[in-house]
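Colleague: Would you mind keeping the following structure in view while I ask a few things?
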Amino acid sequence: MRTIVITGGTDGMGAALARHFLRTGDRVVVIGRSRAKFDALLTTVTGNDKSAASRADFVAADLSLVADSRRVVEHLQANHARIDALVLAASFIRQRRHATVEGHEASWVLFFISKYLFVTGLAALLHAAERPVIVNMAVPGARDDAIDFDDLEMREGFTFARSNAQQRRANELLGILATNENPDLAYVTWGPARLVRSSFAGEAGKVMKAAAAVLGTLLGQRPDAAVSPIIGIIGTPASGRAAYRGAKKLTLTVGNHDDEDAARLATAVGDSF
Ligand SMILES: NC(=O)c1ccc[n+]([C@@H]2O[C@H](COP(=O)([O-])OP(=O)(O)OC[C@H]3O[C@@H](n4cnc5c(N)ncnc54)[C@H](OP(=O)(O)O)[C@@H]3O)[C@@H](O)[C@H]2O)c1
């Protein structure tokens, strides 16, 4: 039985994956803030299969907090001998800069630092899997100069676009660090082929919310349909880094200084977190 860990597994595409892997007999660990959403998810799969509940685990955590991310990593280390697939799908869109109670910028922690702590902290459990895979739902293809190393938490000049591009680039660099550490690992950055009709959790302005609601309803894909390529990637992972838009494999973005930037990022995270 595979063990599949899904952050943001209570809603949207993460929940679609959790439902799928519970139906196919895998062990699934769901991480999110809402136990009520997890309970609702479970009732949709346990109707026909009473064993699903025994294979499902929920860990409540706010992954915009460093302490919560560390606590979940420790919980997984203590309770699992192996992780076959790690899906990083937690998302809470903030159009404005937001400092958490820990004093860090919330989006930088949720969309990158938390993922960094999971990927590095769970490395030994991923090593224990025969064909380990990480699917990081950070849309690939950010410019190679998207990271401001002098102000990673964007105390100056925060915009949604800058914050989004920086975390996407950082998550691609995280793939370099992770596959250097474990050459057998498949590390995939993945974005959907088009808008997905998900919960769009976040604190967005009226215009962004309205656009997401209208476009999502008119053009959006259902989460269950959108995640079909991810199910394929997890089923037959290929070691090394890869990037996908939907089912389409993309050419990896290669910058002039990727290895240096990856090392610099690791040092910066080590110094601050
Ligand atoms: N939807 C799209 O069209 C689209 C496009 C491009 C990229 N993506 C990416 O695809 C991934 C999934 O997106 P989605 O739209 O399917 O997500 P979604 O429906 O908005 O769901 C977000 C998930 O993240 C969890 N979450 C939110 N804040 C959290 C926090 N602070 N700590 C822990 N969990 C938290 C939510 O659970 P709780 O409520 O239980 O906390 C929920 O399970 C994300 O990485 C997103 O950036 C989506």
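The values are calculated or read from the model by the stated rules, or taken from the named source; none is laboratory data. Model, not experiment: these values are computed from the prediction. Note: ideal-geometry Cβ built from the backbone for every residue, glycine included; neighbour counts use all protein chains shown. Only protein heavy atoms, including side chains, enter the accessible area calculation; ligands, DNA and RNA are left aside. Shrake-Rupley method; radii C 1.70, N 1.55, O 1.52, S 1.80 Å.
Colleague: For residues that are open to solvent by 20 Å² or more (accessible area, probe 1.4 Å) and closer than 15 Å to Gly191 by Cβ, scanning just segment 116-142, find the one that is modelled with the lowest pLDDT.
Modeller: Gly141
Colleague: Something else now. State whether one or more residues within segment 166-187 are in a strand (DSSP E or B), within 15 Å of the chain's Cα centre (by Cα) and away from the ligand (no atom under 13 Å from the Cβ).
Modeller: Checked against the condition, which is being in a strand (DSSP E or B), within 15 Å of the chain's Cα centre (by Cα) and away from the ligand (no atom under 13 Å from the Cβ), segment 166-187 yields at least one hit.
Colleague: Considering only segment 156-163, I want to know if a residue exists there that is open to solvent by 30 Å² or more (accessible area, probe 1.4 Å), more than 23 Å from Lys206 (Cα to Cα) and in a loop (DSSP other than H, G, I, E, B).
Modeller: Yes, because at least one residue in segment 156-163 is open to solvent by 30 Å² or more (accessible area, probe 1.4 Å), more than 23 Å from Lys206 (Cα to Cα) and in a loop (DSSP other than H, G, I, E, B).
Colleague: Now for a separate question. Scan segment 4-29 for residues that are surrounded by fewer than 23 Cβ atoms within 10 Å (Cβ to Cβ), more than 9 Å from the ligand (Cβ to nearest atom) and touching a residue at least 12 places away in the same chain (Cβ under 8 Å) and jot them down.
Modeller: If the condition is that a residue be surrounded by fewer than 23 Cβ atoms within 10 Å (Cβ to Cβ), more than 9 Å from the ligand (Cβ to nearest atom) and touching a residue at least 12 places away in the same chain (Cβ under 8 Å), then Arg19, His20, Arg23, Gly25, Asp26, Arg27 are the ones that fit.
Colleague: Right, something else. Within segment 188-230, track down each residue that is touching a residue at least 24 places away in the same chain (Cβ under 8 Å) and away from the ligand (no atom under 12 Å from the Cβ).
Modeller: Val188, Gly205, Met208, Pro229
Colleague: Collect the residues in segment 25-56 that are among the polar types (S, T, N, Q) and at pLDDT 95 or above, keeping them in residue-number order.
Modeller: Ser34, the sole residue that qualifies.
Colleague: Tell me which residues, restricted to segment 115-162, are within 16 Å of the ligand (Cβ to nearest atom), in contact (Cβ under 8 Å) with a residue 60 or more places away in the chain and over 15 Å from the mean Cα position of the chain (by Cα).
Modeller: Gly141, Ala142, Phe160
Colleague: Which is assigned to a loop (DSSP other than H, G, I, E, B) and modelled with pLDDT of 95 or more, of Ser69, Ser64, Ser107?
Modeller: Result: Ser64 is the single residue among Ser69, Ser64, Ser107 that is assigned to a loop (DSSP other than H, G, I, E, B) and modelled with pLDDT of 95 or more.
Colleague: Does Leu173 satisfy being at pLDDT below 95 and not small (Gly, Ala, Ser)?
Modeller: Answer is no for this residue.
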